[in-house]
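Structure, as structure tokens:
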Amino acid sequence: MSDEIDRLRKEIDALDDTLAELVGRRAGLARRIGELKGGTAVYRPEREAAILRRVAARSHGPLSGERVAAVFREVISVCRGAEAALRVAYLGPAGTFSEQAVLRHFGHAVEGLPCASIDEVFRAVETGSADFAVVPAENSAEGAIGRTLDLLLTTPQRICGEVVLRIHQNLMARDAEGAVSRVYSHAQSLAQCHRWLAQNLPNAERVPVSSNAEAARLAASEPGTCAIGPAIAAERYGLALRATNIEDDATNRTRFLVLGDLDVAASGRDGTSIVLSAPNRPGAVHALLTPLANHGVSMSRLESRPTRVGQWEYYFYVDLNGHRDAPAVAAALKELSELAPFLKILGSYPLAPA
């Protein structure tokens, strides 16, 4: 048996050497492309999305397509970083689901810029302090993030990507064992784990704090306490995971948007987000949706927000299936622009993996 193990390890070593050489060659080619482009647009969402879909589809085991794509995402990130290190703003502090969304989309070879509010995230990318921004847009349990929708209305930045993050809540502490007298977390996370806490830690005090990262920081400094939050918070603050996936709702997801000064070409599986207003008269909203039906364009989301300039007047945020340059979508948008008093195309972008 030991001889067979030695043989397999030597084969793995040879493959590792080949992989290292190929990654180096790939990085060299990426750098050469950057030089030919004059150092512009090192991040091409449509190109990266197409690569990840292709390699995921080519996986036939033992690794799943999702895991293979995760490996290649980091390879792409490192090669992109060899051209230029991207600065990505997100809703901080570090160790939150927002940071996890940044790493999920861009890989680890980026410079994350945590911001204190969604407004500051937008401001960072609008002023050039960050190259891109990642902002929460909606949660499957809590609904749309109103402040993000409001700021999308006025920002010159465009949506150039999306991240759909499965929300896994974890119990973490300084020590892997021991009694727990107090549990820190963001109020929303505490609510999402209500049943688990009632069953497993019924006598522990539940203390809401400003963020899951703050909860992890407190748990790291106080014996007998735990925090609830993403696994990345445990990594950031050196905590042990006592229990994983303790959320009550196994389907809870948050959708994040990637913003930047970038027009994204079609990738083959895209969405387009728009915001528009409707005249204040009967049947106006139905009339605005008619061009979508006439051109066979599917609508995946419709959200309304008050305009704040008139009573009972609203902006409508709509997500469409398809790129804005696709003939059917382009035709529908042209008709909408003629019907709606206000229409803004927020961006076309590759859809997140299903």
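The values are calculated or read from the model by the stated rules, or taken from the named source; none is laboratory data. Predicted model, so just to flag it, every value in this text is computed and none were measured. Note: accessible area is taken over every heavy atom of the protein model, side chains too, but ligands, DNA and RNA are not part of it. Shrake-Rupley method; radii C 1.70, N 1.55, O 1.52, S 1.80 Å.
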DSSP beta bridges in the range 136-236 [antiparallel fraction, %, rounded to 5]: 40
Ranking by accessible area, most exposed first, for 159, 12 with a 1.4 Å probe: 12, 159
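Provide the gained length on full extension for the span residue 142 to residue 298, in nm with one decimal, where the gain is 0.36 nm per separating residue minus the Cα-Cα distance.
Working: separation 156, 0.36 × 156 = 56.16 nm, distance 2.40 nm.
That pair, residue 142 and residue 298, stretches by 53.8 nm at full extension.
Hey, any idea what % of the chain's accessible area is carbon plus sulfur with a 1.4 Å probe? Write down the numbers at each step before the final one.
Working: 9660 of 18140 Å².
Whole-percent figure for carbon plus sulfur exposure: 53.
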Rounded accessible area of residue 97 (nearest 10 Å², 1.4 Å probe): 30
q = 0.13 Å⁻¹, the range 84-222: log10 I(q)/I(0) [Debye, one scatterer per Cα]: -0.64
Accessible area (Å², 1.4 Å probe, nearest 10) - residue 194: 100
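From largest accessible area down, sort 344, 10; use a 1.4 Å probe on the protein chains. Please list the in-between numbers first.
On the way: 344 40, 10 145 Å².
Largest to smallest exposure gives the sequence 10, 344.
Thinking of the range 149-220 as a set of Cα atoms, what percent of all their pairs are more than 21 Å apart? Present the calculation step by step, with values, prior to reporting the outcome.
Working: 1058 of 2556 pairs.
Roughly 41 percent, rounded to a whole number.
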Cα Rg, Dmax, the range 202-311, angstrom units: 22.7, 63
For the range 232-293 versus the range 107-157, the gap between their alpha-carbon centres in whole angstrom: 12
Residue 55 accessible area, assembled protein chains, probe 1.4 Å, Å²: 20
Per residue accessible area in Å² of the chain, where ligands, DNA and RNA are left out and the probe is 1.4 Å: 51
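Hey, if we sort 299, 172, 1 by accessible area with the 1.4 Å probe, largest down, what's the order?
Numbers: 299 80, 172 0, 1 190 Å².
Ranked list, largest accessible area first: 1, 299, 172.
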